[in-house]
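Down below is the structure, laid out as structure tokens.
The values are calculated or read from the model by the stated rules, or taken from the named source; none is laboratory data. Since we're looking at a predicted model, the values are computed, not measured. Backbone-built Cβ (ideal geometry, glycine too); neighbour counts: all protein chains shown. SASA here: full protein model, heavy atoms, side chains in, ligands and nucleic acids out. Shrake-Rupley method; radii C 1.70, N 1.55, O 1.52, S 1.80 Å.
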Amino acid sequence: MSRGYSVAQTARLVCALRWACGRLAEMLDAWAAQAASDPEHAEAAAAVSELSRRLASQRATLDGLQPDSELMAPWRQAAPADPVLAEALDGIAALEGSLERLDIARNVLVPQLAHVYGEMLEHAAPHCDAALASAARALRQDLDREAASARVAPFGAAEAADRALTAAGGIVEPSLLRPEGWP
């Protein structure tokens, strides 16, 4: 059984997740708007737009988990855990092609974020992280519904996006999910 996250660990983790969900929602919203301009890609536009709204909703849920202690003030503003992640997402955001973007959203971004929520559930302790675990469970279930959607034909762009996120340490830096010194 995990010993659970401290208040500072929770603050840093939630701060990074709030930023990631907000950035992803913003990115997908821009992709959906671009895809909507092409009638051939109306279905992809709708799927990406729906996922954007889900991620914006997840950001709002995470906002309620941010510890509000004055000692945690540095983590009140959503920020990337690592600037390398922000650069990686900027690179991914610049990728072209509506179907490629849908593939990236469904087969790279959603699984990486769902993995983060799964890690949170694994490391959260019921005695101190109940709200965090409950939110992670609900948010992961929401993403699992998206993952169950029909997979579009795979594109090389998804593999490149996955490599970029992996090189950046993932949607959330592993040390935030499993702090140093934990077994």
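Observations
- Residue within the stretch 91-98 that is within 19 Å of R145 (Cα to Cα), assigned to a helix (DSSP H, G or I) and in contact (Cβ under 8 Å) with a residue 12 or more places away in the chain present: no
Quick grid of which residues meet (1) in contact with a His (Cβ under 8 Å, 6 or more places away or on another chain); (2) assigned to a helix (DSSP H, G or I); (3) in contact (Cβ under 8 Å) with a residue 60 or more places away in the chain:
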{"position": "R12", "(1), (2), (3)": "no, yes, yes"}
{"position": "G22", "(1), (2), (3)": "no, yes, no"}
{"position": "E26", "(1), (2), (3)": "no, yes, no"}
{"position": "V48", "(1), (2), (3)": "no, yes, no"}
{"position": "L51", "(1), (2), (3)": "no, yes, yes"}
{"position": "L55", "(1), (2), (3)": "no, yes, no"}
{"position": "A60", "(1), (2), (3)": "no, yes, no"}
{"position": "L65", "(1), (2), (3)": "no, no, yes"}
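- Any hit, the stretch 76-89, residues being polar (S, T, N, Q), out of contact with any His (no Cβ under 6 Å at 6 or more places or on another chain), farther than 18 Å from Y117 by Cα and exposed (fewer than 14 other Cβ atoms within 10 Å of the Cβ): yes
- Search result, residues across the stretch 57-75 that are open to solvent by less than 50 Å² (accessible area, probe 1.4 Å) and at pLDDT 90 or above: Q58, L62
- Neighbours by Cβ (under 6 Å, 6+ apart or cross-chain): first from the stretch 163-181, farther than 17 Å from D129 by Cβ; second among the β-branched types (V, I, T) and open to solvent by 10 Å² or more (accessible area, probe 1.4 Å): A168/V84
- Which listed residue, of S52, S37, S134, is modelled with pLDDT of 85 or more and in contact with an Asp or Glu (Cβ under 9 Å, 6 or more places away or on another chain): S52
- The selection criterion, being in contact with an Asp or Glu (Cβ under 9 Å, 6 or more places away or on another chain), open to solvent by less than 20 Å² (accessible area, probe 1.4 Å), of a type in the set (A, V, I, L, M, F, W, C) and in a helix (DSSP H, G or I), does not hold for V116.
- Boolean, S149 is closer than 21 Å to A25 by Cβ and modelled with pLDDT under 85: yes
- In the stretch 9-56, the residue that is farthest from the chain's Cα centre (by Cα) out of those that are charged (D, E, K, R) and open to solvent by 60 Å² or more (accessible area, probe 1.4 Å) is E40.
- The residue of the stretch 167-183 that is most open to solvent (accessible area, probe 1.4 Å), among those that are assigned to a helix (DSSP H, G or I) and farther than 13 Å from L89 by Cβ, is P174.
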